[in-house]
Amino acid sequence: MSRFTERWIPAFAGMTATLALLAWVPAYAGMTTAGQYPGIGRTATPAEIAAWDIDVRPDFKGLPPGSGSVAKGQEVWEAKCASCHGTFGESNEVFQPIVGGTTAADIKAGRVKSLVTGGEARTTLMKLSTISTLWDYINRAMPWTAPKSLTTEEVYAVVAYILNLGDIVPADFVLSDKNIADVQQKLPNRNGVSRAHGLWDLKATPDVKNTACMSRCETDVTLASALPEYARDSHGDLAAQQRAIGPGRGEPPANGTPKVAAAALSPAAALAKERACVACHGIDKRIVGPAFNEIAAKYRGDSGAEAKLVEKVKQGGSGNWGSIPMPANPDLAETDVRTLVKWILAGSK
Amino acid sequence: MPTDAKPGRVQRAPEGFLTQQQIAAVQSGRRDFLRGAFVAASAAVAGTAIAQPLRGSDFKGESEILELPEHTKGLGQPVAARGYGSPSQFEQNLQRRESPGLTRVSAASVSFAPLQALFGIITPNGLHFERHHQGWWDIDPSKHRLMVMGMVKQPKVYTMDDLMRLPSVSRMHFIECGANTGMEWGNVAVPTVQYTHGMLSCCEYTGVLLSTLLDDCGFDRKNGKFILAEGADGSSMTRTISMDRALDDVMVAWAMNGEMLRPENGYPIRLVAPGLQGVSWVKWLRRIEVGDQPWATKDETLHYVDLMPDGVHRQYSSIQECKSVITTPSGGQTILDKGFHNVTGLAWSGRGRIKRVDVSFDGGRNWRTARLENPEMPKCLRRFNIDWVWNGAPAILQSRAIDETGYVQPKINQLRAVRGSRSIYHNNAIQSWKVAETGEVSNVQVY
């Protein structure tokens, strides 16, 4: 990009092949292609590349300069992350927990010991081998409902906060592009990955070998596992998931009473599902937020409830139902918010 | 082929359907209602095809033949009554379905293709499995752009109109999620082939080879060892692919089975990365970057990594190894009749062509080679068939595929011996279906 700045663009826009002869600007010889397919595609401008070139690699290529403190990270976390990930990154309700399962000895060794022996949930910090991965993903995809809305400082800060929750950096730490490589050297699982295997490199050898025996191969066929009786109907009426003609048909539920097909969702219920509201709120049970029926019960008879809740859905909020805040929903249309609130207050049918 | 097996309908004993009250009635000597109970039980098993009454000497013929139905005597629907056709009303049971409890958020979930009822190798577009990381979008193609940048002489922007003017190819490939069959690493967890293997689809994809675009931008052939593909959804899904694979057969596709991609599958463009796990097939593709190192994105560092028994995670594990599964009969079905059956299924390999499929009816003691259908294409599903006369005895059905590299699909215990049972991804083990005397087929694991 060194010799091409935005101010050159208008000057280049009308030029074509003549500039291609100038050796020092071969890449930008006009805005149309100089390649094999005349007239197809155009040169990407530096501003366009900057807008989309958001990836950050393990060698920190792509990492924007900046910094963020653990303290600032805690603020951002509580406002924008805790609703799904829990106050301490421990929540297993919506996604797998981020923090937990690592020790000081792991940090020293760069290998997480519980991955060898443990059967417990695998947290992000247990698996994380490159700190760029965490920075990149938060920057590109978080918060869940409003990806790419965090500032660079907020991304640094949230990463710092997560690292602090994992006892990798102290509470007064400020993470920056200058010290991120040092932090990399403290990741508990930095040495815990391998690329030397046949599922990445086509030329490498497969790790498992079977032979094509044709007769009297197994002397003892052992039934190692079968679906337990209690789980038989967990996927619904299997008979209703088959074609109605042909050599085989599905099995009806074990108890002999075919399940009634689920009734179609009401438009508001479908909206709640579509906008992922039900990820945090059950109809009649708490997930990370209150159940919709709890909300309806709380505001029963309150004539101002609808207006209040419409604001709350739009702006987010905290404190009424526990420590985990409700995120703001700026991308939800006003009419949709009203539909949802009316539906919740009317009992979520 | 044994010919002594007489055709006959196998139904569960009516006693299995009796209520406590009815059992009490039997015990008290009343058996007159049993005939009725049997008919009800038969109906429950056979679905819409209620067992015919026994045919006596006065049997004149079936009412379906003797009495002309309305569709033979009336005027049917006009052409184009449905401008974009849909399946018969009698095929509505076949749907993409979620596995309950698999994920907690439906926007980061998966739906499974109903393999138990598909024919040949092509997956109908409306039944192609879905897997999204941050929900799907229906993106306006006139506003969509693809950027190719990084280690290239000329970073370029392409519109859909640009891309679709380029030389295109149409190729049939399978796509399989790296987590397909992953629920069964530890134990049998789900009942039917839809849930065990349904994160698998196969289509004819049409698009431009990625190598065409990379050449058009003049990529750095010496140092450009990897590409990063990035999507335009909220997660901006990103995935590293090595350059040798990218130049081999990876394509930027806009069409699937003759129509534009469906939004759930990446409309207006997606990457098609044959032989690699589905997460590499970035949907709503917006950017290709050429680089000299892998990117270690979230889904190559935290997910889609394979946990080995020694605690090491295998990274970038992405080649879908040789695998097969019998789809008919399969788990959750009931074989209604003794006698002849065509046992059929699918085989595939991320390393090339399927050369042979063997089928066992006795849990792996003895094997017979199945018939393979054409076409024989690399990194594409292959349908196999084999004759079977079921005499009503219990059986365990298995299929075992062999690809052109000579790799033989392994047993689950062989996989576990190397990779343990906490791996989640890349379970390509031989699948076993147990057939009971009642005709019920269930999912089992066999050592």
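Here, each number is a calculation from the coordinates, and none is a lab measurement. What you see is a predicted model, and the numbers here were worked out from it, not measured in a lab. Glycine gets a Cβ as well: all are built from the backbone with ideal geometry, and neighbour counts include every protein chain shown.
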key: region A:55-184, relative contact order [Cα under 8 Å, separation at least 6], %   = 38
query = So, with +1 on the Cβ of K and R and -1 on the Cβ of D and E, and no other charges, what is the size of the charge dipole of chain B about its Cα centre, to the nearest 20 debye?
reply = 560
message = Show me the three semi-axes of the equivalent ellipsoid for region B:114-185, from the C-alpha gyration tensor (sqrt of 5 times each eigenvalue), largest first, rounded to whole Å.
response = 32, 17, 15
ask   = Straight-line reach from B:LYS156: which aspartates and glutamates have a Cα under 17 Å away, not including same-chain ones fewer than 8 places off?
value = A:GLU6, A:GLU48, A:ASP53, B:ASP215, B:ASP216, B:ASP220, B:GLU230, B:GLU289
remark   = Quick shape check on region A:123-200: root eigenvalues a ≥ b ≥ c of the Cα gyration tensor, a/c under 1.5 is rounded, otherwise prolate if a/b tops b/c, else oblate, and it reads oblate
key: Under the Debye formula (equal points on every Cα, no solvent term), log10 I(q)/I(0) of the protein assembly as shown at q = 0.06, 0.07 Å⁻¹   = -0.45, -0.61
task = Compare B:ALA255, B:ALA107, B:ALA80 in a GNM of chain B, Cα atoms joined below 10 Å, and give the one with the largest fluctuation.
result = B:ALA80
remark   = For chain B, the convex hull over Cα atoms projects on average to an area in nm² of 28.0
remark   = Computed over region A:263-345, the distribution of all Cα-Cα distances in 5 Å bins, rounded to whole %, is 3, 15, 26, 32, 19, 5, 1, 0
Neighbour-limited loop hits for chymotrypsin sites (Phe, Trp or Tyr not before Pro), region B:102-161 (at most 13 other Cβ within 10 Å; DSSP other than H, G, I, E, B) = B:PHE119
request  = Any chance you could run the full-extension gain for B:SER109 through B:PHE340? It's 0.36 nm times the residue separation minus the Cα-Cα distance, nm to one decimal.
outcome  = 79.2 nm
remark   = Label model pair B:ASN187, A:THR103: point-to-point distance (7 angstrom along the Cα→beta-carbon line) in nm is 2.9
Average Cα contact separation per residue, region A:263-345, under 8 Å, 6 or more apart, as relative contact order % = 29
ask   = For the residue pair A:PHE60 and A:ALA333, what label-to-label distance in nm results when each label sits 7 Å from Cα along the Cα-to-beta-carbon direction?
value = 4.6
task = For region A:55-184, just say rounded, prolate or oblate: build the C-alpha gyration tensor, square-root its eigenvalues into a ≥ b ≥ c, call rounded for a/c under 1.5, and beyond that prolate if a/b exceeds b/c, oblate if not.
result = oblate
task = Return a single number: how many Lys pairs in region A:55-184, at a sequence separation of 8 or more or on separate chains, have alpha-carbon atoms below 13 angstrom apart.
result = 4
task = Find the centroid of the Cα atoms in region B:61-121 and in region B:241-289, then give the distance between the two in whole Å.
result = 28
inquiry  = At R0 = 51 Å, how high is the FRET efficiency between A:ASP167 and B:SER63 if r is their beta carbon distance? Nearest 0.05 is fine.
reply    = 0.10
ask   = Say we join alpha carbon atoms closer than 10 Å with springs in a Gaussian network model of chain B; which of B:LEU285, B:LEU381, B:LEU118 then has the biggest fluctuation?
value = B:LEU118
inquiry  = Using Cα-Cα distances under 8 Å and only pairs 6 or more residues apart, what relative contact order does chain B have, in percent?
reply    = 16
request  = Enumerate the lysines that B:LYS355 could reach by cross-link, defined here as Cα to Cα under 29 Å, with residues fewer than 8 away along the same chain left out.
outcome  = A:LYS203, A:LYS209, B:LYS323, B:LYS379, B:LYS411, B:LYS434
message = For a quick check of your reading of the filter: which trypsin sites (Lys or Arg not before Pro) in region A:266-313 sit in a DSSP loop and have no more than 12 other Cβ atoms within 10 Å?
response = A:LYS285, A:ARG300
task = Counting other beta carbons within 10 Å of each Cβ, put A:ARG249, B:ARG422 in order, fewest first.
result = B:ARG422, A:ARG249
key: Proximal aspartates and glutamates to B:LYS222, defined as alpha-carbon separation beneath 13 angstrom and excluding residues fewer than eight positions away on the same chain   = B:ASP244, B:ASP292
remark   = Here FRET efficiency (C-beta to C-beta, A:ASN179 to A:GLN96, R₀ 25 Å, nearest 0.05) is 0.35
note = Within the set B:TYR316, B:TYR84, B:TYR195, GNM on chain B using Cα springs under 10 Å gives the largest fluctuation to B:TYR84
ask   = R0 = 51 Å: FRET efficiency of A:ASP284 with B:PHE119, Cβ-based, nearest 0.05?
value = 0.75
